[in-house]
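Data first, discussion second: the structure below is written as structure tokens.
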Amino acid sequence: MEDNYKDVDVEKLSKLLNTSPDKGLSEYEVKNRILKYGRNVIETKQESFLIKFLKKFYGLTPVLLIITMLFSLFIGRIIDSIIILFLLILNAIISSIHDQKANKAVEMLKKKLSVKCLVVRDGNIRTVDSEEIVPGDVIILKLGNFVPADAKIIESENLEVDQSALTGESLPVEKKRNDIIYSGSIIKKGKCRAIVTRTGKNTYFGKTINLVKEARPKLHMEQISSRIINYLLLIISIMLILMFFFIYLRHGNILHAIPIALLLILFAIPVALPAMFTISMAVGSVELIKKGVLITKLSAVEDASTMDVICVDKTGTLTENKLTVAELISYHISEEEMLLYAYLASDEESGDPLDNAIIEYYRSKGNTNKKFSKIKFIPFDPSTRRTESIVDIDGKEYHIIKGAHEIVEDLVNESKETIEQDSKKLSSRGFRFLAVAYKNNGEWKYAGMIAFHDPIREDTPGLIAELKSMGIDVKMITGDAEPIAKEVGSELMLGERVINAREIRINKNIDPITIANRVEESNVVAEAYPEDKYVIVKALQSKNHIVGMTGDGVNDSPALKQAEVGIAVSNATDVAKSAASVVLTSPGLINIVDLIDTGRSIYQRIVTWVLNKIVKTFEVSFLIIIIFLLFNRFILSSTDILLFLFLIDFVTLSISTDNERGSKNPEKWNLNKLVKFSVIFGIVTLSEIFFTYIIINRKFSSVDEIHTFFFTLIMFYGLFTPLVLRERRHFWKSMPGRTMLLSIIADSLAVILLGVFGLSLIKPIGLDYVLLSLVIALFFTFIINDNIKILLNSAGISR
């Protein structure tokens, strides 16, 4: 924003751009400049949808799934191959849809530039498409016009520009000769003639588009998925190497072990992991819709659970984005009288936000008993910077003026020491204020001052306190000046440590860690541009923070997209909503608490799934291989493993709908800790099943019966273990979700039927042995293993 011929006056700029403020450019020159600078549009390089889609099949997880699919085909599991292929395609489609969101945000920004504009060419005024505008063009802008390019004002008449969508400023900004107006602004009052300085991607607006395209949030779920797969493959690889090594030493037939080895690899690869994540997030999204939170990017739900910093935009987010009277200071007369004078010097039809604030405040008080009428009203004039009114109050004529403090102060002839002190206090607190003076057949008297502010939303202080209690560091980022930022920060109990965004702009090309350190030390960032917000989010991410960002305007869209949890408020622009991963559908930010609570609950569901998967992989794969190494036989057949994989998925996927409790602080993925817990827990269950095998294997007359008994036992372990892992406390402290409970019951009945009757799939062993396996699993899981879990938790080895 600062490098836009800001300090160059109109005369010098005209020479630099070789243009005439009166005649503009010639059509011939315009054609040359279009060739030089390009059209006033944002060019985007589009990759074909097919290429983007095919790239979704490249990466650790999809490659491993493809290998698994080929293994499944090799061993004749056609249905499994089809299911894996379906999951691969489904995940590719979902990912492609999310990618399209960035393009959608860019397209919305580009469409805002597709407007007509009045331009001076060869001394004549004509209407052209905004994309034909070039640097050096002289444009004419009037009330309601969209500013199509950055430009420097040649002349203006009572000009006010709405920059709220760009800078977050709640008030229209007065602009005059030599000021810069930015593309994306809207003319709210008056008109102007200006020289275009920058077009297309070089404008302030265009740079925002580029930031939206560049923004790439960290994909934490992909990182976690890859690490989980690495751990599981490491476990199974070690065991398979040992197995094949012993087969070689015994001069056994390695080919006979290949089917089991392939199934164990298939068992280790978490084929259902993407589906588990997707279902968990989708279920959470449905829950959140009912609470006024719309999820547009599924991973944001899980990221909300680990979010430890949230950067909150001030205007329209923490505040109402509406100007109101904040304070009255009166001299000589009462505040009531001073407010009446200000009211009589205001005009509702002008649409001026300051006048409207005074009128609304006066009417809300409604406590004057005076009779009055207006005799004459002189509207605001930029040259005098005041409004004037001649009125009759209780039969006496008064002359009242309302305007800039220095203008009013010059009219009065009285001691100004107190007035100056009060005006400095208001300025230091960041208030915008007007002065009021009056006279009644005598000298002008300084009636008082009226201070204005953008009020804090009623629910904001409570929200800030609740977010802090949830362990989240709240940072307010605003385009407002330091005094205003400090005042709001104090009012919200955020703290008074304010950093000026100029520091960030100085350091942004040096070291993101330095920026992150300064932001961490501060409560508020003042005078921030959109690119500063984006840089702040990236800097915090460089220190491994999971960052949330709230906003409502175009200026917020790059940071909203870069943040793991980009939250667009209910009144946000379409561009901001498109860039965000979360959209609030009701006013305020209080629903963020629901988002975090739901996210933390979902995080616990995913942790339960991960723990259960590692425990099962360790338990089953080690058990099969250890018994093979010691007794030269497999405890399960290939069919048993296939049945286990098929039946257990119903329960493991139902974990995604469980009633898990979230923690009080931001969650943090610690896979080393989870693996340590899972391995110890897996060793316990492995030992229990192993010693059961030592005791009971001689009771059966055939290997097939041993396979069936241990299939039922391992299945019951697999069904009941999630009930223990899902709860940090004893398993009975909370009730599992209805879907999960029904899945466990249904699977248990299916296992009993298989064990008793075989159903042409496995060797039947009778009801007594099936019930024995059920009792063993119930005893060890809920009596022994639940208490071991508590001991591990007390030793600091917990989930």
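The table below gives the values:
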| read-out | value |
| --- | --- |
| Gyration tensor verdict on segment 387-462 (Cα atoms; rounded if a/c is under 1.5, prolate if a/b is larger than b/c, oblate otherwise) | oblate |
| C-alpha long axis of helix 482-491 to longest principal axis of the chain, angle in ° | 60 degrees |
| Normalised convex hull volume, segment 659-720, alpha-carbon set, Å³ per residue | 109 Å³ |
| Value of Rg/Rh across segment 440-564 [Cα atoms, Kirkwood radius] | 1.12 |
| FRET efficiency for VAL63 and ASP129, using Cβ-Cβ distance with R0 set to 45 Å, rounded to 0.05 | 0.40 |
| Projected label distance in nm at ASP394 and ASP22, using a 7 Å step from Cα toward the beta-carbon | 5.9 nm |
| Heavy-atom surface of the chain, accessible at 1.4 Å and reported per residue (Å²) | 43 Å² |
| The chain, relative contact order in percent, only Cα pairs under 8 angstrom and at least six apart counted | 12 percent |
| Vicinal HN-Hα couplings computed from phi for segment 329-342 (Karplus, 6.51 cos²θ - 1.76 cosθ + 1.60; Hz; Gly/Pro x) | 10, 10, 10, 6, 10, 6, 4, 4, 5, 4, 5, 4, 4, 5 |
| Net charge of neighbours whose Cβ lies under 14 Å from the Cβ of ASN440, counting Lys and Arg as +1 and Asp and Glu as -1 | -1 |
| Under 11 Å, Cβ to Cβ, from GLY489 - net charge with Lys/Arg +1 and Asp/Glu -1 | -1 |
| Accessible area of the chain belonging to carbon and sulfur atoms, whole % at 1.4 Å probe | 57 percent |
| Under 13 Å, Cβ to Cβ, from THR460 - net charge with Lys/Arg +1 and Asp/Glu -1 | -4 |
| Cleavage-rule hits (trypsin sites (Lys or Arg not before Pro)) in segment 523-563: DSSP loop, at most 15 neighbouring Cβ within 10 angstrom | LYS543 |
| Violating pairs (Cα-Cα greater than 21 angstrom) within the set LYS152/LYS538; LYS201/LYS561; LYS116/LYS577; LYS314/LYS468; LYS290/LYS577 | LYS152/LYS538; LYS116/LYS577 |
| Shape call, segment 512-640: gyration tensor on alpha carbons, a/c limit 1.5 | prolate |
| Nearest 10 degrees, 0 to 90: helix 703-725 Cα axis against the chain principal axis | 30 degrees |
| Residue-by-residue Karplus 3J(HN,Hα) for segment 660-674, coefficients 6.51, -1.76, 1.60, Hz, glycine and proline x | 8, 8, x, 8, 7, 10, x, 6, 9, 5, 10, 5, 4, 5, 5 |
| Shape call, the chain: gyration tensor on alpha carbons, a/c limit 1.5 | prolate |
| Karplus-derived 3J(HN,Hα), 6.51/-1.76/1.60, for each residue of segment 309-314, Hz, glycine and proline x | 9, 10, 9, 10, 6, 6 |
| Accessible area (Å², 1.4 Å probe, nearest 10) - THR739 | 70 Å² |
| Residues with amide H under 5 Å from that of VAL161, placed H, sequence gap 5 or more | VAL173, GLU174, LYS175, LYS188 |
| Förster-model FRET efficiency, 51 Å R0, LYS699 and ALA746, C-beta, rounded to 0.05 | 0.95 |
| Extended-chain gain in nm, criterion 0.36 nm per residue less alpha-carbon gap, PHE372 and GLU503 | 41.8 nm |
| Label point distance in nm, GLU155-VAL8, each placed 7 Å from Cα along Cα→Cβ | 2.2 nm |
| LYS673 paired with LEU767, simple spin-label distance in nm, labels 7 Å along Cα-to-beta-carbon | 4.8 nm |
| Within the chain, percent of DSSP bridges classed antiparallel, to nearest 5 | 75 percent |
| Förster radius 60 Å - calculated FRET efficiency between HIS730 and TYR248, Cβ distance, rounded to 0.05 | 0.80 |
| Inter-part distance where segment 444-522 and segment 647-723 are each reduced to a Cα centre, Å | 51 Å |
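The values are calculated or read from the model by the stated rules, or taken from the named source; none is laboratory data. Note that the structure is a prediction, hence the values are computed from the model and not measured. Positions of Cβ are generated from backbone atoms using ideal geometry, with glycine treated the same way; all protein chains shown enter the neighbour counts. Quick note on the areas: whole protein, heavy atoms, side chains included, nothing else; ligands and nucleic acids left out. Shrake-Rupley method; radii C 1.70, N 1.55, O 1.52, S 1.80 Å.
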